[in-house]
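Note sheet for the following structure.
The values are calculated or read from the model by the stated rules, or taken from the named source; none is laboratory data. Worth saying up front: this structure is predicted, and the values here are computed from it rather than measured. All Cβ positions, glycine included, derive from the backbone under ideal geometry; neighbour counts span all protein chains shown. Accessible surface is based on the protein model in full, side chains and every heavy atom, while ligands, DNA and RNA are left aside. Shrake-Rupley method; radii C 1.70, N 1.55, O 1.52, S 1.80 Å.
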Amino acid sequence: MTAVSSRRSSLAAASVPMKSIERELICPVCKELFTHPLILPCQHSVCHKCVKELLLLTHEDSWTDVGSESSTPGSPRSRIPSPSIERLDRLVRSGSNTTSGWKRNSLTPRITTFPCPGCQHDIDLGERGISMLFRNFTLETIVERYRQAARAAVAIMCNLCKPPPQEATKSCMDCKASYCNECFKVHHPWGTPKAQHEYVGPTTNFRPKVLMCPEHEMEKVNMYCEVCRRPVCHLCKLGGSHANHKVTSMTSAYKILKEKLSKSIHYLISKEDQVKTQICELEVLITQTEANGEHAERQVNQHFESLFEILQERKTEMLKSIEVSKTTRLDKLRTQREEYQGMLENSGLVGYAQEVLKETDQSCFVQTAKQLHTRIHKATESLKTFHPAADPSFDEFDLDFSKEESLLKDMCFGSIPDEPVINQSLSRVYNEGLICWDLPEDSSPTDQYILEYKKLDNEEETSWQASEKVFGSSKVVCNLDPNSEYSFRVKGYRNSVSSPFSAEVTFHTPPGSVFSFLFDDKCGFNPDRLILGKKRESVESVAGLGLLLGSERVQTGSFVYLDYIIGDTGISRGKHFWAFRVEPYSYMVKVGVASDTKLQEWFHNPRDTSSPRYDHDSGHDSGSEDTCYDLSQPFTLVTIGMGKLVIPKGSTTAAGDYTSRVLPMPPRIGICLDYDKGMVYFYDADDMKCLYERQVDCTGTMYPSFGLMGSGAVHLEECITAKRLAYTEEVQ
């Protein structure tokens, strides 16, 4: 009794930790403790009988049980008796003649694929079916310990004692039986092979001493396949299904996995306070969910009660209107009916008239007959043109409820709006950012938007800044830092329900403040070959009569020169940026900066663009350019044309060959002039990538300069022409 009491106390003590892991020991299919669990390829475990039932669910008529057992036609969830341990091992290891769910000679289609109840991934058991799955002996042992802890007062009895049996003290893993001390000595005498059997404490879970390969029944598993994440034998690696897979020794896999598991467990234990905090947060969320759900129910009830009241009120008003109209019409028709009844002989008006005709006194007859004749005349006329006094039809009270009925049928909770998409082609980011977005096609409109943005800083984490509510599809963001990257995202709202944020889009602000100007229509402007836009925000070069007349000079060696146009505002200090577009069809356009003195020289003494020794601007491959490149000039121009941008010869950003100097023309081109440092930079304005930089002599006032030859056009960016941003000084 002392031993029994001690055992009960130890089991009771062990029940506390075992109880806490109960949820890990429940099969996801039958929701009961695992019985002979099998490990699926996805590493989830399922009871052996549940795997067979899953196959039945997939195709209930395609499976025939191994041996004499068969599934009963009926509910696919009918329970199948669990086989004995010995028979289960035999079934799992037998795969040469049958596979679970399919006999080789059966005409029924073989179904070996089913969704994993844990992760819903499709599991293909392959040719061998259930027989290719390992039993999860570790899980079986834990489940058995849990069962013992759950029934702490129940002892395991000896299997060989005569009645009444004694409590078992040992279990033989080779004999798969439990013994008391006396029976164990009798059946395992010293000096016999049985004395070498492996024995453990009392248990009902007898697992094989060695894990065998399910594909090669006589081979022990001694390696671990890292691809399939399962134990394999050496035959599997040599010529089996794992021949080309990476494998490691079982010892190495054991150490690595045990170390990883230990570290993970240690990490979770060390984060116990964090887990408790998150549990508290979840409890708060559960409370909030319950409260918000009840609030939502009350709101729905209130809304429908309000609708019922409105409907009842309208119903009462409409029924009252119909009742009033019906009463009025009936009164009129009844009155008219009485009048017509008076026209009948010996009744009403006719009878009264007949009595008046009997009057013999002339004066008395005339006195009465005049009014009577008027009434008789009216009655006679009414007979000729009969019109009912009221319309019996109530068509005007026909209620068209189709629109309201459709609205009621379509009544639903506010769905989550579709996430907007930032339109990068319409968005522009300078000192201020204009961010535009669209909704996907066939999306329902939203009520409002919220735009968020943050500066991307590698040194420190920055937080998102939110704009005010936006009721359109664009927003201007002010006070952006120059030469910085910003990330933008937007989400929509409909009936207080928000959409997910759009994909983040990054823009780079220009390196300097935006310089505002328009094209100058006075200084050096040639109206014969240049056409300005109405607002002077664009210029177009056309081949007019002047170019045709100049063709005679081409034959004699004097060539056509560029038509220059400049900005109407100059720069005398600071760092400024402007951007523009060059039409892809343009033949040749030179863009850059030039000083006021150099511009006067160009306008008064124009040079031929094809002369071998004309002024060495930065876009012409002349001999003088190579020799004078290092000299600081009061101008810098880059050549653009025929869809290309030409990096000047001798530039440090490109090699000397032609192919390295010719780049595709960017959709938008930016120029930044640092007056104080005497540097000019050319950018791809879409991503703010610097394409070319050069020193420039800023001795006077510098102007944005453009030179065009042949057909072509230049369009200034809208924010450049808007003149919304201030610059340091204007020069007329």
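Of everything in region 705-732, what is under 45 Å from the mean Cα position of the chain (by Cα) and either modelled with pLDDT of 85 or more or under 21 Å from ARG661 (Cβ atoms) (or both)? Give them in sequence order.
Applying the first criterion (under 45 Å from the mean Cα position of the chain (by Cα)) to region 705-732 yields 712-727.
Once the filter is applied, which keeps residues that are under 45 Å from the mean Cα position of the chain (by Cα) and either modelled with pLDDT of 85 or more or under 21 Å from ARG661 (Cβ atoms) (or both), region 705-732 yields GLY712, ALA713, VAL714, HIS715, LEU716, GLU717.
Restricted to region 99-134, and to residues that are hydroxyl-bearing (Ser, Thr, Tyr) and out of contact with any Lys or Arg (no Cβ under 6 Å at 6 or more places or on another chain), which residue is modelled with the highest pLDDT?
The first filter runs over region 99-134 and keeps only residues hydroxyl-bearing (Ser, Thr, Tyr), leaving 99-100, 106, 108, 112-113, 131.
The next check asks that each one be out of contact with any Lys or Arg (no Cβ under 6 Å at 6 or more places or on another chain); those that pass are 100, 106, 108, 112-113, 131.
Working: SER100: 40, SER106: 43, THR108: 43, THR112: 67, THR113: 75, SER131: 72.
Residue satisfying both the conditions and the ranking: THR113.
Test GLU432 against the stated conditions and say whether it is surrounded by 13 or more Cβ atoms within 10 Å (Cβ to Cβ) and touching a Leu at 6+ places or on another chain (Cβ under 9 Å).
Details: surrounded by 13 or more Cβ atoms within 10 Å (Cβ to Cβ): yes; touching a Leu at 6+ places or on another chain (Cβ under 9 Å): yes.
Spelling it out, GLU432 is indeed surrounded by 13 or more Cβ atoms within 10 Å (Cβ to Cβ) and touching a Leu at 6+ places or on another chain (Cβ under 9 Å).
Among the residues of region 444-471, none is identified as at pLDDT below 85 and surrounded by 15 or more Cβ atoms within 10 Å (Cβ to Cβ). When the test is whether a residue is of a type outside the set (Phe, Trp, Tyr), open to solvent by less than 40 Å² (accessible area, probe 1.4 Å) and modelled with pLDDT under 85, SER415 does not pass it. Of all residues in region 444-488, those satisfying the criterion of being charged (D, E, K, R) and not in a strand (DSSP E or B) are ASP447, ASP457, GLU459, GLU460, GLU461, GLU468, LYS469, ASP481.
Checked against (1) within 25 Å of the chain's Cα centre (by Cα); (2) modelled with pLDDT under 85, THR380 meets all criteria but (1).
If you check THR289 against the conditions, is it open to solvent by less than 100 Å² (accessible area, probe 1.4 Å) and under 30 Å from SER382 (Cβ atoms)? In short, no.
For region 181-237, which positions are of a type in the set (Lys, Arg), in a strand (DSSP E or B) and open to solvent by 70 Å² or more (accessible area, probe 1.4 Å)?
Here is the first cut: in region 181-237, the ones of a type in the set (Lys, Arg) are 185, 194, 207, 209, 220, 229-230, 237.
Then keep just the ones that are in a strand (DSSP E or B); that gives 220, 230.
Matches in region 181-237: LYS220 only.
The residue that is farthest from LEU708 (Cα to Cα), among those in region 492-506 that are among the hydrophobic types (A, V, I, L, M, F, W, C) and open to solvent by 20 Å² or more (accessible area, probe 1.4 Å), is VAL497.
Would you confirm, using the coordinates I've provided, whether THR701 is polar (S, T, N, Q) and modelled with pLDDT of 90 or more?
On the way: polar (S, T, N, Q): yes; modelled with pLDDT of 90 or more: yes.
Criteria met by THR701.
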